[in-house]
Amino acid sequence: MTSGRLIAVVGPSGVGKDSVMQGLAEVIPDLHLVRRVITRRPGLGSEEYDAVSEEQFQDLASNGAFAVHWGAHGLFYGIPQTVRYQLNKGTDCLANFSRKALLAGADAFPNFVVLNVTAHPETLAARLAARGRETEADIARRLAEADKPLPKGLDVITLANDGPLDQTIARAVALIQPVSV
């Protein structure tokens, strides 16, 4: 049996990663959404995650609970080792990732693909403002980071998310579904 792919979903804040991931999971029921561990209060944002304290996170990391982990925007994020169970069954898994953790992800998972979600700066600015979690200064900082390049040598699929979500999901399905011959 072939190992499943770990599909690392990346893109700037406000690009719609969580919406794209949810849409893909609804259209492709065999996809597994990876539940991250985050040092964020419970119930913030649109993704389901396991909230832990920074001390708990460091204990988990020290004990090898994460296949990959990183810090960004004042928080810590971890991809649990338990994702390997799904991958070993041949299940493709979607995980919200950080661009700076991609090389570690490629080292940790033999069948690693990056789904790079993009959008125009004006689209990002409008979405960030609409979600109401960041100040204008925070939004400006996030927009300044939006064009950071991805590391070289990765298997990258780029997906624009400026239009209607259903059209983005349809394009994403076509891009990530293997073509049967």
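The values are calculated or read from the model by the stated rules, or taken from the named source; none is laboratory data. Since we're looking at a predicted model, the values are computed, not measured. So basically every Cβ, Gly included, is an ideal-geometry build from the backbone, and we count neighbours across all protein chains shown.
Per the listing Lys148, Lys152, the residue uniquely out of contact with any helix residue (DSSP H, G or I) (no Cβ under 7 Å at 6 or more places or on another chain) and not in a helix (DSSP H, G or I) is Lys152.
The residue of region 51-93 that is farthest from Ile7 (Cα to Cα), among those that are free of Cβ contacts under 8 Å to residues at least 24 places away in the same chain, in contact with a strand residue (DSSP E or B) (Cβ under 7 Å, 6 or more places away or on another chain) and not β-branched (Val, Ile, Thr), is Glu54. Scanning for something of a type in the set (A, V, I, L, M), out of contact with any Gly (no Cβ under 8 Å at 6 or more places or on another chain) and surrounded by fewer than 17 Cβ atoms within 10 Å (Cβ to Cβ), does region 84-102 turn up at least one residue? Checking region 84-102: not a single residue is of a type in the set (A, V, I, L, M), out of contact with any Gly (no Cβ under 8 Å at 6 or more places or on another chain) and surrounded by fewer than 17 Cβ atoms within 10 Å (Cβ to Cβ).
Note on region 35-76: among residues that are of a type in the set (Gly, Ala, Ser), surrounded by 12 or more Cβ atoms within 10 Å (Cβ to Cβ) and at pLDDT 95 or above, the one that is nearest to the chain's Cα centre (by Cα) is Ala67.
Filtered by the rule that a residue be hydroxyl-bearing (Ser, Thr, Tyr) and within 14 Å of the chain's Cα centre (by Cα), region 1-34 gives Ser13, Ser19. Of all residue pairs spaced 6 or more apart or on separate chains, those with beta-carbon atoms under 7 Å, a first member in region 130-141 that is within 17 Å of Arg41 (Cβ to Cβ) and a second member that is at pLDDT below 85 and surrounded by 12 or more Cβ atoms within 10 Å (Cβ to Cβ) are Glu134/Arg142.
Under the condition of being surrounded by 20 or more Cβ atoms within 10 Å (Cβ to Cβ), under 16 Å from Ser98 (Cα atoms) and either touching a Pro at 6+ places or on another chain (Cβ under 7 Å) or not small (Gly, Ala, Ser) (or both), the residues counted in region 1-25 number 9.
In this structure, does Gly163 turn out to be out of contact with any Gly (no Cβ under 9 Å at 6 or more places or on another chain) and at positive phi? Judged against the criteria, Gly163 is not a match.
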